[in-house]
Amino acid sequence: MAFKPANNIQDLQYFGEFGGVNPSISDASTYTFLSAKTMFDTFEGNADGCYLYSRHSSPSNLYLGEALAAMEGTETANVSASGMGAITPVLLQLCGSGDHIVSSRTIYGGTYAFLKNFTPRFDIKTSFVDITKLDSVEAAITKNTKVLYCESVSNPLLEVADIKGLAAIAKRHHLKLVVDNTFSPLSISPVILGADVVIHSLTKFINGSSDTVGGVICGTQEFINDLRNVNDGASMLLGSTMDSLRASSVLKNLRTLHIRMQQHSYNASYLAERFEADGLKTVYPGLKSHPSHNLFKSMMNEKYGFGGMLTIDVGSLEKANELMEMMQHRNLGYLAVSLGFYKTLFSAPGTSTSSEIPEDEQKAMGLSDGLIRFSIGLDADIERTYNMMTDCMVELGILKTHKGLELS
Ligand code: PLP
């Protein structure tokens, strides 16, 4: 039977302390015990249902974690203060001194910087590979490799990972496949396809209102228990805990994610098709011209589409900046990093979200100066948006004409 992630979220029922339709927020950092013995047992991890201290867990965080685990089809999940607050403990929990990671080379700049510049301090080395070439992934594995790391849809180049293929490699070599699914919530379910751990930056589509940072790690009960262990758990000891007030607001936003993803995908697909027809160099996994279009199709859950992210290349950074400024001036979106907002957001990744990646490596991976990354918003009238955006492109000489002009 097909996996239905939105049904899994919807089927969870929580009530507040006084029968409220939303669960009560746990407004406490610490919890009382009726007996000293129960407190001791809780420290030892042997008092189910007891709360100790909110860096470890809190009722509000557990509710949100449970809903995200249901969405991803994992036993459980641990929410964190940011996406990086999910990524870094996972990698430090799975790897120690002398270990090795094979990672996609097109990943979020912060993750790249962590693997390239930070983990070598602990003698954890990373090989960056073209994740779309399974033979180069396998060739990079050494006897010290512990983790295969990728994003289902990569930031910012929108490369698509073959999760089933990567899972088979991970299994053969006894590695953990860790997938950052931030760009494709609901559309792709990595664990159902064979991944071991799924991470999200909740800051993006899942929360959807650009008012907080947050993250989640979805995995087995055993792995999440390890992360929370008071003696050697990376989430517990590094301390990137989400606040309960935030957990409760993210949970409320999560309930509309299925509707928002459909609209993000519909709008992005509309713009991508029309931009491409106008002759713009457009990358969107929903376009037949995308090298992994069929792969995405084979992995996706029906209904949620190919996501809200697309890129165009307008030739130079100067043109990209002019266009973004003009589009912002005409209220077509904001010149801002991040993604998953109701409003379209655009940025030039080479000088912003991927600036941690050195220029020569950006070139090698195909990240060009004129690239603009769009997170397409929830616009009610996407045809009007298309016409206004391509008007800007004609005025700046990026396009000679556009189809909207010919029709009118
Ligand atoms: N993963 C991806 C794909 C991202 O785009 C980002 C942030 O831009 C992160 C992780 C990090 O998330 P956060 O900013 O919530 O720490």
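Each value in this text was obtained by applying a stated rule to the coordinates, not by laboratory testing. Remember, it's a predicted structure, so these values are computed and weren't measured experimentally.
The calculated pair-distance distribution of the range 96-184 uses every alpha carbon pair, bins of 5 angstrom beginning at 0, and gives 3, 15, 28, 26, 18, 8, 1 percent.
When the Cα convex hull of the chain is projected onto planes of every orientation, the mean area is 21.1 nm².
Cross-link pairs exceeding 21 Å between alpha carbons, from the set Lys281/Lys363; Lys176/Lys363; Lys164/Lys363; Lys133/Lys297: Lys176/Lys363; Lys164/Lys363. Looking at the range 113-261, the pairs of alpha carbons with a distance over 27 Å make up 27% of the total. Directionally averaged projected area (the range 311-350, Cα convex hull): 2.8 nm².
Residues whose amide H comes within less than 5 Å of that of Leu399, counting only those at least five positions distant or on another chain, are Val394 (H built at 1.01 Å from N in the peptide plane).
For the range 253-384, the Kirkwood radius over C-alpha pairs fed into Stokes-Einstein at 20 °C and 1.002 mPa s yields D = 139 µm² per second. Taking each DSSP H run with n ≥ 4 as -39500 (n - 2.57) and averaging over every residue of the chain yields -10500 deg cm²/dmol at 222 nm.
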